[in-house]
C-alpha cells in the first residue's frame with residue numbers, strides 16, 4: 001500500500017477528552033488509560049496540560065503523570081506531548097522530560113479572550129517567543145487554532161483569519177497546525193472550502209503544506225467523519241481524535257465530544273487506509289476510559305463493540 | 001438553486017424506528033408523532049407495517065392508525081406509505097386508504113430466510129405478482145433490498161446479487177429501490193462501489209437510474225452521513241432516515257439505530273442543499289418521539305438542540 005495513503009491519528013483523549021469530563025481521574029487512572037492507548041498502537045498521544053490546575057482541575061498533576069509515564073516501558077517511536085499555555089508551562093513540560101508540546105489559540109477574538117484571557121495579538125506575541133525557545137531546546141511545537149468552523153460567541157469565523165494565524169505560527173517554527181472545529185458544527189462543504197484555503201493560500205500569503213496540517217473535529221452534529229473524509233480526499237493525513245468520543249456527553253446541555261478515535265480508525269481501516277492502530281486493543285482502551293469516567297462514552301463504534309461483546313457473553317453463558 | 005441539487009427525505013421512524021424500540025407506542029402516540037413529522041415538512045413518511053402483529057407488536061393496529069391519519073388535515077402533497085409483506089398485507093393497506101406501499105427482501109439468503117421466512121426466489125415470486133397487482137389499483141410500490149453492505153449472518157454480500165434483485169423489482173414495476181445498510185457497517189469506499197455499480201450496471205444487465213434509487217443507512221459505526229455524502233456526490237437524492245435515530249440504542253447489545261433524520265437534514269441544509277424540512281420543527285417531532293419512547297434518542301443533532309435549549313432555559317431562569 002502507498003504509505004502516503006495512510007493516516008496518522010493524534011490521540012487527544014487524555015487531554016482534550018478528560019478536560020471536558022465532569023469526573024476527575026486520578027494520576028494512576030490517567031496512566032492506565034494512556035498505557036492502554038499506547039498498547040493499541042496510537043503513534044501520538046497528548047497526555048495532559050500544563051495550564052494552571054485552578055483552570056482545569058481534571059488535568060492537575062500532569063507533571064507527575066509524565067514522570068510516571070516516562071518510567072514505563074513504552075512502544076518505540078511513541079510521541080507524547082502536552083499542552084502549554086506559555087513559557088512557564090513550557091519550562092515545566094521540559095523539566096518533566098517531554099520533548100513535544102502544543103500551544104493553543106483561537107481564530108475568534110472573543111473565544112481567545114475567554115479561553116486564554118488574551119487577545120489574539122497577545123497570544124501571537126507570546127508564541128513568537130515560546131516557539132523559538134522550545135525549538136532551541138529541541139522541543140517540537142504543535143499549534144492549535146480553534147473555532148475555525150465557527151465560534152460559540154461570534155458565530156461564523158473568517159477562515160482567512162485562521163489561515164493568517166496558522167501562517168504566523170508556522171513562521172515562528174511550529175511543526176504542525178491543528179485546525180479545530182471546536183464546537184463540532186462543521187459541514188463537508190465548509191470543510192472543503194477551509195482545507196482548500198489552507199492548502200492553497202490566499203491573496204495575503206501562501207498556504208500551508210498538507211504534511212503540516214491536522215484536522216481536529218468535534219462531533220456535536222455527527223458530521224466529524226464526513227468532514228475527515230473530505231479533508232482526506234484533499235490530502236490531509238493527520239487527524240485528532242479522542243478515545244470513546246470523550247470530552248462531552250450529548251445528554252448534557254451544550255456539551256460536545258471529540259470525534260471518537262474508534263470511529264475514525266474504523267472508517268479508514270475499512271476503506272483500506274491504514275493507521276497502525278489495532279482496533280480491538282483500542283476498544284480495550286475505550287473500556288478503561290469508560291470504567292474510570294463512569295458513564296457510557298458516546299463513540300458509536302465503541303458502543304457497537306461493547307454491544308457485540310455483551311451479546312457473545314450472553315450466547316456463551318447460554319451454551 | 002438547482003432543484004436537482006435538493007434531497008428528498010423518506011422518513012421511516014414511525015416504521016423502521018419504532019419496530020426496533022422496546023417501548024410499544026399507542027396508536028394515539030404514533031399519530032401525534034406522524035403529525036409532528038408532517039408538520040416539519042417531511043415529504044414522505046412510512047407510517048407503519050401490515051406484517052402480522054405477533055411478529056412486530058410495536059406496529060400492530062397500523063390499519064387503525066392509517067384511518068385516523070387520513071381523517072386529519074395533512075399537508076398537501078405528503079406521501080404516506082406502509083410496509084406490506086404479501087398480497088394480504090397489500091389488500092389491507094389499500095382497504096385503509098393507502099396509495100403507497102413498500103415490500104422488503106434481503107440481498108442475503110440467510111437474512112431473507114430469517115426475516116421473511118422465505119427464500120430470495122420465493123420473495124421475488126411473491127413480488128412478481130404483488131407489484132403489478134398494486135399498480136393495477138394505482139398503488140405505488142417501493143422495494144427495500146436489505147443487507148447490501150453486509151449481513152449479520154453471512155458477513156460480506158455480493159453487491160451484484162443485490163443489483164440483480166433491484167433490477168427484478170424494477171422490472172415488476174417497483175417505482176423505487178431503497179438500498180439498505182441494515183446493520184450500519186458501511187464505509188464510504190464501499191458505498192462508492194455499491195452506488196456506482198447500481199448506477200452503471202454490470203455484465204448481467206443495466207443499472208438503475210439515480211431517480212429510482214434511495215439509500216437507507218443505519219448508523220452503528222457512525223459512518224451513515226459520510227456514506228450519504230458519497231452517494232449524493234454520485235447522484236443519489238433520496239435518503240431514508242428516522243426521527244432521532246430511532247430503531248436501536250447504542251447502549252443495548254448489538255442494537256443499531258437508523259441514521260437520524262435531524263443529522264441528515266442538518267448536514268445537507270448547512271451545505272446549502274435543500275430538503276424542504278424545517279429543522280426546528282423537526283426537533284419538535286424529535287421531542288415527541290423521545291417523550292413517548294422514554295429514553296434519550298441517539299441522534300447527535302437532536303441532542304445538541306435539546307442541550308442548547310436546556311442551556312437557554314437555565315440562562316433565562318437566571319436573569
Given the conditions (1) within 30 Å of residue B:269 (Cβ to Cβ); (2) touching a helix residue (DSSP H, G or I) at 6+ places or on another chain (Cβ under 6 Å); (3) surrounded by fewer than 24 Cβ atoms within 10 Å (Cβ to Cβ), and given that residue B:8 satisfies all but one, which numbered condition is not satisfied? (2)
A careful count of residues in region A:132-156 that are assigned to a loop (DSSP other than H, G, I, E, B), on the phi < 0 side of the Ramachandran plot and more than 21 Å from the chain's Cα centre (by Cα) gives 4
Residue list for region B:81-114, restricted to those being free of Cβ contacts under 8 Å to residues at least 40 places away in the same chain and in contact with a helix residue (DSSP H, G or I) (Cβ under 8 Å, 6 or more places away or on another chain): B:85, B:95, B:96, B:97, B:112
Counting only residues that are surrounded by fewer than 16 Cβ atoms within 10 Å (Cβ to Cβ) and more than 14 Å from chain B (Cβ to nearest Cβ), how many does region A:200-233 have? 9
From the list A:286, A:276, pick out the single residue that is surrounded by fewer than 17 Cβ atoms within 10 Å (Cβ to Cβ) and modelled with pLDDT of 90 or more. A:276
Among the residues of region A:123-163, write down those that are under 25 Å from residue A:95 (Cα atoms) and free of Cβ contacts under 8 Å to residues at least 40 places away in the same chain. A:123, A:125, A:135, A:136, A:138
Could you list all residues from region A:1-11 that are assigned to a loop (DSSP other than H, G, I, E, B) and either under 17 Å from the mean Cα position of the chain (by Cα) or modelled with pLDDT of 95 or more (or both)? A:6, A:7
Hey, could you check region A:165-192 for residues that are touching a strand residue (DSSP E or B) at 6+ places or on another chain (Cβ under 9 Å), buried (at least 24 other Cβ atoms within 10 Å of the Cβ) and under 15 Å from residue A:155 (Cβ atoms) and say which is farthest from the other protein chains (Cβ to nearest Cβ)? A:182
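If we only count helices (runs of 4 or more DSSP H) wholly inside region A:209-303, which ones have 2 or more residues that are free of Cβ contacts under 8 Å to residues at least 24 places away in the same chain?
Fully inside region A:209-303 and qualifying: A:261-270, A:279-293.
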Based on this model, can you work out whether residue A:119 counts as under 24 Å from residue A:151 (Cα atoms) and either modelled with pLDDT under 95 or in contact with a helix residue (DSSP H, G or I) (Cβ under 7 Å, 6 or more places away or on another chain) (or both)? yes
Quick check on residue B:258: is it under 19 Å from the mean Cα position of the chain (by Cα) and more than 12 Å from chain A (Cβ to nearest Cβ)? yes
Whichever residue in region B:289-319 is surrounded by fewer than 19 Cβ atoms within 10 Å (Cβ to Cβ), closer than 22 Å to residue B:20 by Cα and at pLDDT below 95 and, among such residues, is nearest to the other protein chains (Cβ to nearest Cβ): B:296
Just checking, does region A:5-26 include any residue being more than 17 Å from residue A:286 (Cα to Cα) and in contact with a strand residue (DSSP E or B) (Cβ under 9 Å, 6 or more places away or on another chain)? yes
Scanning region A:184-208 residue by residue, those without any contact (Cβ under 8 Å) to a residue 40 or more places away in the chain and part of a helix (DSSP H, G or I) turn out to be A:189, A:193, A:196, A:197, A:198, A:199, A:200
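The values are calculated or read from the model by the stated rules, or taken from the named source; none is laboratory data. On a predicted model such as this, the values are computed, not experimentally measured, just so you know. Cβ atoms come from the backbone with ideal geometry, glycine included; neighbour counts cover every protein chain shown.
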